[in-house]
């Protein structure tokens, strides 16, 4: 396992980190100094405080011995775990006991790593400005667009999100959309050491609920949209919305940049407890709007500002992403022409990424894995498709099961051919996942064009992609959805090498396409 990056160590005693006002109890020597925080016993370094917390599968309490063997200087945990650790008598390491230790990790990590302590430090140039993006769809694209605009203005930037982490020009892959609080704060500390001025982060609803962005204060945060996803975690759309809304409070951000083309966006704009700037691509009442004039995209804003925006990203949904990013950049003080120049150059890995264009056939990969995202991706391709539109679609296991049928319905309504296959089945039976998608697709009696889409089940994803390519002819589009940038496929606890883009290229390099 690759170790998460950390800044130069800084020692702080447990007494300083957990004063009486923190509400925590320290069992043992409170003069012990720590130099880092860690949740993963495999990544513990000498001098770390190990957080023994409940995880999605196991409790960290079981890993305390290995953490101590690796050099942990103490343990942070809850009262029940502390009682279990001391049940046999006194221990030779300090234990910090907290009512909700996970929620403390962010503020603790801010003190230990000092990557982004607060908005006053950003204003004084002592830490990077932070820009957050949340929403169901579009987070990755919007962060890439914002970062590009900042770079076009000559700013040193950092990027944290689903595709990976970038510090300046150095890129590494990511494990999750928003890292755990200790890893995120350590990463920001590294960025600060490298002279990064602005950091753009994807902020997931899971991250907000689990405290991963605690201890941060954003200069501005953006809301893209909200649609069905993650209900296996949140339970209801209302709970999902409330998780997102938490980001638009004075404790989290100084400014909200909110799209108001949906009911959820309009509600958030009215309920946010911070200053709000609004945007619309559909003629809504907003501070900023994007319209099409003579085939050009023109943004209009306060004070009569007008700026043409060009982009390499297709589709109406990307127009929303582009406008959201532009408004964030203008709110950050970036000049209109610099923001526009950055946006115009962006291509996002695995987001409407054109992989092959051969013999009149265009093949595209996209990360779409919600009903709305599937519909948006297909609609954006349909605009330029003169032939048939062939879609390869699966759904992830151990995730929101209720969205699968709706994903199948979206595909069958808009595509000509739908090939249902496996995505990342994880621990679930992949046949049951495919069956749910097919039920949704089969419920469609006619597509939006008046014709019935053909629906085929091909379990093996490689074979499904190959079949899609074999069906394509001049003027057709092949759209492979769900995995986007991912380079592995998770099946029954194992992650096997798999990249939709590589599989598409291989399919085109064989058969009738070899000499095209």
Query raised in the report: Taking segment 288-318, which residues are out of contact with any strand residue (DSSP E or B) (no Cβ under 6 Å at 6 or more places or on another chain) and either surrounded by 13 or more Cβ atoms within 10 Å (Cβ to Cβ) or closer than 22 Å to residue 365 by Cα (or both)?
Result: 310, 311, 312, 313, 314, 315, 316, 317, 318
Report task. Would you mind telling me which numbered condition in (1) within 18 Å of the chain's Cα centre (by Cα); (2) assigned to a helix (DSSP H, G or I); (3) not assigned by TED's automatic domain parsing to the domain that holds residue 283 residue 399 fails? Result -> (2)
Requested in this report: Give the number of residues within segment 218-232 that are part of a loop (DSSP other than H, G, I, E, B) and at pLDDT below 95.
Outcome: 6
Query raised in the report: Hey, which of the strands (runs of 3 or more DSSP E) in segment 411-498, taking only ones fully inside, have at least 3 residues that are crowded, with 17+ Cβ neighbours inside 10 Å and without any contact (Cβ under 8 Å) to a residue 12 or more places away in the chain?
Result: none
Query raised in the report: For segment 233-294, list the strands (runs of 3 or more DSSP E) that sit wholly inside it and hold at least 2 residues that are over 19 Å from the mean Cα position of the chain (by Cα) and closer than 14 Å to residue 324 by Cβ; which are they?
Result: 276-280, 288-293
Report task. Of all residues in segment 253-268, count the ones that are closer than 16 Å to residue 331 by Cβ and surrounded by fewer than 21 Cβ atoms within 10 Å (Cβ to Cβ). Result -> 2
Report task. Among the residues of segment 79-92, write down those that are crowded, with 19+ Cβ neighbours inside 10 Å and touching a helix residue (DSSP H, G or I) at 6+ places or on another chain (Cβ under 9 Å). Result -> 81
Report task. State all residues of segment 95-117 that are buried (at least 21 other Cβ atoms within 10 Å of the Cβ) and in a loop (DSSP other than H, G, I, E, B); if no residue qualifies, say none. Result -> 98, 115, 116
Query raised in the report: Taking segment 152-165, which residues are under 21 Å from residue 127 (Cβ atoms) and in contact with a helix residue (DSSP H, G or I) (Cβ under 6 Å, 6 or more places away or on another chain)?
Result: 153, 157, 158, 159, 161
Query raised in the report: Can you list the strands (runs of 3 or more DSSP E) found entirely within segment 1-71 that contain at least 2 residues being out of contact with any helix residue (DSSP H, G or I) (no Cβ under 8 Å at 6 or more places or on another chain) and surrounded by 20 or more Cβ atoms within 10 Å (Cβ to Cβ)?
Result: none
Query - Residues of segment 339-367 satisfying the condition of being crowded, with 19+ Cβ neighbours inside 10 Å and part of a helix (DSSP H, G or I) - result: 339, 340, 342, 343
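The values are calculated or read from the model by the stated rules, or taken from the named source; none is laboratory data. The model shown is predicted, which means the values in this text are computed figures rather than measured ones. Please note: Cβ atoms are built from the backbone with ideal geometry, for glycine as well, and neighbour counts cover all protein chains shown.
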